[in-house]
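Reading through the structure tokens given below for one structure.
What follows draws every value from the coordinates through simple rules; no lab data is involved. These numbers come from a predicted model, not from an experiment. So basically every Cβ, Gly included, is an ideal-geometry build from the backbone, and we count neighbours across all protein chains shown.
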Amino acid sequence: RPARASHQGGQVEVDLGADLFERITVLARSEGCTPFMVVHAALVAALTRLGAGPDLAIGSPAAGRGEPVLQDLVGFFVNTLVLRTSSAGDPSFRDLLRRVRTADLDAFAHQEAPFDLVLEAVNPTRSLSRHPLFQISLGLEVGGVPELRLPGVRTAEVSGLVNGAAKFDLEFLLRSDDSRGLHGAIVFAAELFDEESVRRVASVLGRVLAQVLDDPALPLSSLEVLSTSERELLTGPWAGTVAEVGDATLVERFEEQVARRPEATALLDGTREVSYAELNAMANRWAHHLRAHGLGRGDMAGVLLERGVEFAAAVIAVVKAGAGYTLLDPDFPDERLRSAAADAGISHLVTAPALAGRVDGPWQTHTEPPGELLSHHPGNLGLPLGPDDPACLMFTSGSTGRPKAILSSHRNLVSTVSGQSYGLFGAGEVFL
């Protein structure tokens, strides 16, 4: 989006079929709403599925002729309404339609409130790059265009892109009449969209309408927005070659490497070199210790350690014990460490004595020095694990400012380095 909108526009014609509006009218009647509300809900559903998010404010023109004395006056009384709807929670289309009905009825009940006064009351942050309250507009006209007869004047209907300017990012100008069904145009900001993208938006709207008219109980997540050719493209040429990952877990892959090259260097920590056999024995002792204290399959453990050999051994030990791990970075503030540990639902914390006091909670804390672990067996545990068992809980920064967690399985993490073309993962490669 440029810093200052040029308002240069383009236009795409839309034809959604001759019988579609008749079916829209039937659904509207059964749900106690108007055809406009059905189209509005379908547009919200389509935009949500295309990635626009669950909070959508869509502008719509109102005729401004609510008073009978205005009916026969020549003049421009149009006011703009902002119809804000939430599609959060994966509602069925019927439930979404009820939300839209509530929002639209409330907006049209206040349609006399001038838009400029609404804008003044809301007082949003202004920008020369976009409209302040909405970026997408929807208009729907039903029936034919009335004939205007004036003495000595020839009149003609003009619609869509008249002067090459686009007022909004996208403007849906739809009409239903007996001759062509539901049709119209989409005017778009040429700096933001190209014709092909807008044609796809139009096709998705038509596809969504067809699906929800067949089954209004469909949840939004079940709406198919890809055509057959698009799905074939995504799962075929764009997906690349398929690598067989198999069902091996992280534990199995690591222990296979230990058996294959036990004396090979697994870790470099400053001047310290640790072989695969040594690392495996350290991790096994930790894993036996954690198992003895109740850590098991499906549990979550936090690892709060400075980077080094002990850190790597602890991560491997947690996975060998059947649990998933979440990394708690000592560089983070204590508050973030505590919230991450609580959100992850850890039952055990593996840490060092100097760090143990930073994260207190209802979990077990393990800070046993290496000497006390020597009493545990260094052999593999041989626990039954599956590729879909949780292995790692990773926190992102979070778009809202609160970190969000992503749970990855053994299959996810094994596939990250199996059969990939973006990097080499063979012997002799070193990673930081």
> In degrees from 0 to 90, rounded to the nearest 10, what is the angle of the helix 334-344 Cα long axis to the longest principal axis of the chain?
Replying inline: 80 degrees
>> Quick check for me: using +1 on Lys/Arg Cβ and -1 on Asp/Glu Cβ, what's the dipole size of region 250-416 about its Cα centre, in debye to the nearest 20?
In response: 320 debye
> Build a GNM of the chain with springs between Cα atoms under 10 Å: which of VAL208, VAL153, VAL100 gets the top mean-square fluctuation?
Replying inline: VAL153
>> If neighbour count is taken as other Cβ atoms inside 10 Å, put SER222, SER176 in order from fewest to most.
In response: SER222, SER176
> What order do you get for VAL225, VAL350 when you list them from fewest to most C-beta neighbours inside 10 Å?
Replying inline: VAL225, VAL350
> In the set (1) 1.04; (2) 1.39; (3) 1.16, which value of Cα Rg over 2.2 N^0.38 Å was calculated from the structure you see?
Replying inline: (2)
> Any idea what diffusion coefficient region 248-293 gets from Stokes-Einstein, in µm²/s, Kirkwood Rh on alpha carbon pairs, 37 °C, 0.692 mPa s?
Replying inline: 290 µm²/s
>> Compute the helix-to-body angle for 93-109: its Cα long axis versus the longest principal axis of the chain, expressed 0 to 90° and rounded to tens.
In response: 50 degrees
> Cα-based Rg (one decimal) and Dmax (whole number) for region 250-416, in Å?
Replying inline: 15.5, 47
>> Sequence gap at least 6, Cα distance under 8 Å: using those rules, report the relative contact order of the chain to the nearest whole percent.
In response: 15 percent
>> Suppose we keep just the DSSP beta bridges with both residues in the chain; what percent of those would be antiparallel, to 5?
In response: 60 percent
> Is the shape of region 358-432 rounded, prolate or oblate, going by the alpha carbon gyration tensor and its root eigenvalues a ≥ b ≥ c, with a/c under 1.5 for rounded and a/b larger than b/c for prolate?
Replying inline: oblate
> Out of MET300, PRO390, GLY357, whose Cα points farthest toward the positive end of the dipole of region 250-416 (charges: +1 Lys, Arg; -1 Asp, Glu; placed on Cβ)?
Replying inline: PRO390
>> If the elastic network links every pair of Cα atoms under 10 Å, which of GLU310, GLU112, GLU157 fluctuates the most in the Gaussian network model of the chain?
In response: GLU157
> For TYR422, TYR276, TYR325, what ranking results if the residue with the fewest other Cβ atoms within 10 Å of its Cβ goes first?
Replying inline: TYR422, TYR276, TYR325
>> Of all beta bridges DSSP finds with both residues in region 322-432, what is the antiparallel percent, to the nearest 5?
In response: 55 percent
> Angle between the Cα long axis of helix 35-49 and the longest principal axis of the chain, 0 to 90 degrees, nearest 10?
Replying inline: 30 degrees
>> Taking amide H atoms as placed 1.01 Å from N in the peptide plane, list the residues 5 or more away in sequence, or in a different chain, whose amide H sits under 5 Å from that of SER409.
In response: ALA391
> Across region 132-145, in residue order, what do the Karplus-derived ³J(HN,Hα) couplings come to in whole Hz, using 6.51 cos²θ - 1.76 cosθ + 1.60 with θ = phi - 60° and x for Gly and Pro?
Replying inline: x, 10, 7, 10, 10, 10, 9, x, 9, 10, 10, x, x, 8
>> I need two numbers for region 191-230: Rg to one decimal and Dmax as a whole number, Cα atoms only, in Å.
In response: 11.8, 37
> Just going by the charge dipole of the chain, with Lys and Arg at +1 and Asp and Glu at -1 on Cβ, which of PRO61, GLY246, SER375 is farthest out on the positive end?
Replying inline: PRO61
> How much net charge surrounds LEU218 when only the other residues with a Cβ under 10 Å from the Cβ of LEU218 are counted, with Lys and Arg +1 and Asp and Glu -1?
Replying inline: -2
> Charges only on Cβ, +1 for Lys and Arg, -1 for Asp and Glu: so what's the dipole of the chain about the Cα centre, in debye to the nearest 20?
Replying inline: 340 debye
